[in-house]
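> Here you go, one structure.
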Amino acid sequence: MLQDLIQDFKKNKPLLLMLLPSAVLLFIFSYIPMVGIIIAFQKFIPVKGLFGPQQWVGLDNFRYILMLPEFKDALWNTIRISSMKIIGGLVVPVFFAILLNEIPISFLKRIIQTVFYLPHFLSWVILAGIFVDILSPSQGIVNRFIRTLGFQPIFFLGDNKWFPYVLVITDIWKEFGFGTIVYLAAITSIDPSLYEAAMVDGANKWQQIRHITLPGMFPIIILMSVLSLGSILNANFDQVFNLYSPQVYKSGDVLDTLIYRIGLIDANYSLGTAIGLFKSGISFFLIATSYYLAYKFADYRIF
Amino acid sequence: MRDTKSERIFHFINTIFLTIVAFICLAPMLYILAVSFSANEAVTSGQVTFWPKEFTTIAYTYLMANKLFWYALLNSIKRIVLGVGLNILCTILVAYPLSKDSRKFKMRNLWAWFFFIPMIFSGGIIPWFILIKELKLINSIWALVLPGAVSPFYIVVLLNFFRGIPAELEEAAIIDGCGYWRILFQIYLPLSLPAIATIAVFAILAHWNSWFDGLILMSEPKNYPLITYLQTAVININYERLTEEEIRRLALLGGSSYKAAQLFAGSLPVILSYPFLQRYFIKGLTLGSIKG
């Protein structure tokens, strides 16, 4: 047994050599921070160092955050916002994939598709800058339109009633086109003879979509929804951080933005890490479950 | 195939509808472009929609004179050159050993887990930040390059591609006396150039668009990459960090069109390379990770 391993080691020395530099980098920048979560159980003082002689406080930091009203708000907002994003992010791309597939001229189809993907490639910093302008209550193009219809302007980014929906809608706007890629691929893999048979039987477009296209996409829809389960505590930091302001913390503050403010702005490292660990712990459980389910039911494997 | 009248109507309405949606996807970019070329008064009085009013290039003239913008662009370019190079090197060197069968390379599965665990669990942002601070990498370009050098996601894409290369090629090379290094660089690499190009595109875009690490790891504004600079100049304007010249410029232009010009300039590289970009991206998606 041991001999086997030594033999394997000798034979594969070049392979191990290839892995080494990356393994060192990954160890430093991913595994050490993983061990660094111990500061969630300490009263961390930076000058003493990351693994220095810090004072241990047990679960005090966790007790404290669980009583923090901001934490409860952020947790609830995160779940609420990301669930809406997940559902919208499934339904909208499926809808558009079906419609795109029905465009008879392939040249036109390609152009529209290409335009659909564009927002995906732009940073949220740039898009947030644009949306702040477009949604502004005084000069924003959306409110100018609302005013010409005779309504009061709406402060989309400053009103707790509207803010979460702005997050959801702009997120769907940015990502739906990219989401259609996977579903379009699923549609093209449906056997065309099914459609021919349906047409011979006199099925119209709607019946074909309902009875052939949708069932054909079903496995991939299930797979994507299972995989998205793991991201329920990720409400998209980049987007929220660049669009929110203190007025809408109540409805728009999410776990990641709270971690940033408590941990990095107020330099309350231990509390920030405790919230982070809470988040990573639950996410780990969800991602592991979703990968397991995806493997079990769809035979999906990442590696 | 026969085309009934109702079907023709459906096709027509569908195409019109999708064209409108496509326009909605472009509209924010068109708006910002129009604003950036408009006089500020026209913007604040709400006259600009998708076409510039009182056409002027003054916002861009000011932008060209802004030193911080050029520093930031240079930092981004530096970051992309170093970062993407490192990304590709690490990806190749990890994907090849991990593409081996665990019967030939017994520790393969152990190593695979080592490389993929960071995909599902992380220590969070704060220990990561403290570590980089203790490594004295604050304000160094390496802080933006080294932590993300090994990306499990890229490894998965290339690994799956390597697996598609017929094993006979390698076996033949081994019989001819080739070592693993030569097999990798003389057989696998030339065959997987399209996959590597795809990963390069992913990596370039990721480095160009990331901004948060720049914000927390760079304390000097002149070390910011471009998108980080935009974040501080357009979104969270921190007046303490602006130079006097910057404040004067902001006051002079009153914001809107100058901001718009910065935003548009920041997205221009992506838009210009877009036709090329998206082809590789879609290839990447169907190539590696999501195959169902």
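What follows is calculated from the coordinates using simple rules that are stated; it is not laboratory data. It should be emphasised that the depicted structure is a prediction, and the values quoted were computed from it without experimental measurement. Methodologically, a virtual Cβ is constructed for each residue, glycine included, from the backbone with ideal geometry; neighbour enumeration extends over all protein chains shown.
> So what's the net charge close to A:Lys250: Lys and Arg +1, Asp and Glu -1, counting the other residues with Cβ under 10 Å from its Cβ? Intermediate results must be reported in sequence, preceding the final value.
Values: positive: none; negative: A:Glu70, A:Asp73, A:Asp253.
Result for the local shell: -3.
> Under the rule of -39500 (n - 2.57) per DSSP H run of 4 or more residues, summed and divided by the residues of chain B, what mean residue ellipticity at 222 nm is obtained, to the nearest 500 deg cm²/dmol?
Mean residue ellipticity, 222 nm, calculated: -21000 deg cm²/dmol.
> Averaged across B:104-117, how many Cβ atoms of other chains sit within 10 Å of each residue's Cβ atom?
Values: counts 4, 5, 7, 7, 4, 1, 0, 4, 2, 1, 7, 6, 2, 5.
Per residue, the average neighbour count from other chains is 4.
> At most 16 other Cβ atoms within 10 Å and a DSSP loop assignment: could you name the trypsin sites (Lys or Arg not before Pro) in the stretch A:140-216 that fit? Mind showing how you got there, number by number?
Numbers: sites: A:Arg144, A:Arg147, A:Lys161, A:Lys174, A:Lys205, A:Arg210; in loops: A:Lys161.
Passing both the DSSP loop test and the Cβ count: A:Lys161.
> Sort all Cα-Cα distances of the stretch B:5-56 into consecutive 5 angstrom bins from zero, then give the percent of pairs in each bin up to the one containing the longest distance.
Result returned by the calculation: 5, 21, 18, 13, 10, 10, 8, 7, 5, 3, 0.
> At q = 0.07, 0.11, 0.12, 0.16 Å⁻¹, what log₁₀ I(q)/I(0) does a Debye calculation on the Cα points of chain A give, no solvent, two decimals?
Reported log10 I(q)/I(0), two decimals: -0.43, -0.93, -1.04, -1.32.
> Set the Förster distance to 30 Å, then compute FRET efficiency between B:Phe153 and B:Arg103 from the Cβ-Cβ distance, nearest 0.05. Don't jump to the answer; show the numbers that get you there.
Values: r = 27 Å, r/R0 = 0.88.
E between B:Phe153 and B:Arg103, to the nearest 0.05, is 0.70.
> Also, quick follow-up: Under a Cβ-Cβ cut-off of 14 Å, what is the net charge of the residues other than A:Arg210 that fall near it, where Lys and Arg count +1 and Asp and Glu count -1?
On the way: positive: A:Lys205; negative: A:Glu102, A:Asp201.
Combined, the nearby Lys, Arg, Asp and Glu give -1.
> Taking the Cα centre of the stretch A:65-298 as origin, sum charge times position over the Cβ atoms of Lys and Arg (+1) and Asp and Glu (-1), and report the length of that vector in debye to the nearest 20.
Result for the stretch A:65-298 is approximately 220 debye, rounded to the nearest 20.
> Which whole-number percent is the relative contact order of the stretch A:119-226 (Cα, under 8 Å, 6+ apart)? Spell out each step's value before the answer.
On the way: 57 pairs, mean separation 20.8, N = 108.
Once normalised by length, the contact order is 19 percent.
> Further, regarding this structure: So if each residue of separation counts as 0.36 nm, and I subtract the Cα-Cα distance between A:Glu70 and A:Val91, what length gain in nm does that give? Display every interim value, and only then the final one.
Details: separation 21, 0.36 × 21 = 7.56 nm, distance 3.14 nm.
Contour length minus Cα-Cα distance gives 4.4 nm.
> Okay, moving on. On the first, second and third principal axes, largest extent first, how far apart are the outermost C-alpha atoms of chain B in Å?
Projected onto the principal axes, the Cα atoms of chain B cover 75, 71, 32 Å.
> Tell me, what is the Rg over Rh of the protein assembly as shown, with Rh the Kirkwood radius over Cα pairs?
Across the protein assembly as shown, the Cα-based Rg/Rh ratio is 0.98.
> Please get the size of the charge dipole for the protein assembly as shown, origin at its Cα centre, with Cβ charges of +1 on Lys and Arg and -1 on Asp and Glu, quoted in debye to the nearest 20.
The calculation lands at about 400 debye.
> If you stretched the chain out fully between A:Ile282 and A:Gln247, how much longer would it get, using 0.36 nm times the residue separation minus the C-alpha to C-alpha distance? The partial results should precede the final answer.
Details: separation 35, 0.36 × 35 = 12.60 nm, distance 2.85 nm.
Once the chain is fully extended between A:Ile282 and A:Gln247, it gains 9.7 nm.
> For a quick check, take a GNM of chain B with Cα springs below 10 Å and name the residue from B:Ala195, B:Ala261, B:Ala173 with the largest mean-square fluctuation.
Comparing B:Ala195, B:Ala261, B:Ala173 in a Gaussian network model of chain B, the most mobile one is B:Ala173.
> Then there is this: Please work out the ratio of the alpha-carbon Rg of the stretch B:154-211 to 2.2 N^0.38 Å and round it to two decimals.
For the stretch B:154-211, the normalised Cα radius of gyration is 1.38.
> Still on this structure: Treating only the Cα positions of the stretch A:217-303 as identical point scatterers, give the base-10 log of I(q)/I(0) from the Debye formula at each q in 0.10, 0.17 Å⁻¹.
The Debye formula, applied to the Cα set alone, gives -0.36, -0.79.
> Pop out the Kirkwood hydrodynamic radius of the stretch A:12-144 from its pairwise C-alpha distances, inverse of mean 1/r, in Å to one decimal. List each step's numbers first, then the result.
On the way: mean 1/r = 0.0468 Å⁻¹.
Result for the stretch A:12-144 stands at 21.4 Å.
> Over 10 Å intervals from 0, what percent of Cα-Cα pairs in the stretch B:80-216 sits in each interval?
Pairs per bin, as whole percents: 11, 36, 32, 16, 5, 0.
> To the nearest 0.05, what FRET efficiency results for A:Ile209 and B:Ile117 with a Förster distance of 45 Å applied to their C-beta separation? Please report the intermediate quantities before stating the final value.
Values: r = 42 Å, r/R0 = 0.93.
Taking R0 as 45 Å, the efficiency between A:Ile209 and B:Ile117 is 0.60.
> Using modelled amide H (1.01 Å from N, peptide plane; none on Pro or chain starts), what sits under 5 Å from the amide H of A:Gln42, excluding residues fewer than 5 places away?
Placed amide hydrogens put A:Val57 under 5 Å from A:Gln42.
> Still on this model: Given R₀ = 22 Å, what would the calculated FRET efficiency be for A:Asp266 paired with A:Asn160, taking r from the Cβ atoms and rounding to 0.05? Display every interim value, and only then the final one.
Values: r = 23 Å, r/R0 = 1.05.
According to the calculation, E is roughly 0.45.
> Using θ = phi - 60° and the Karplus relation 6.51 cos²θ - 1.76 cosθ + 1.60, list the HN-Hα couplings for the stretch A:281-297 in order, rounded to whole Hz, with x at every Gly or Pro.
Computed from phi, the couplings for the stretch A:281-297 are x, 5, 4, 4, 4, 5, 5, 4, 4, 5, 5, 4, 4, 4, 5, 5, 9 Hz.
> So, one more: Sum -39500 (n - 2.57) across every DSSP H segment of at least 4 residues in chain A, then divide by the residue count to get the 222 nm mean residue ellipticity, nearest 500. Intermediate values should be presented prior to the final figure.
Details: 16 runs with 200 residues, N = 303.
The helix-only estimate for chain A comes to -20500 deg cm²/dmol at 222 nm.
> Separate question: Based on C-alpha coordinates, I'd like the Rg and Dmax of the stretch B:50-160, in Å.
Here Rg and the maximum Cα pair distance are 20.9, 71 Å.
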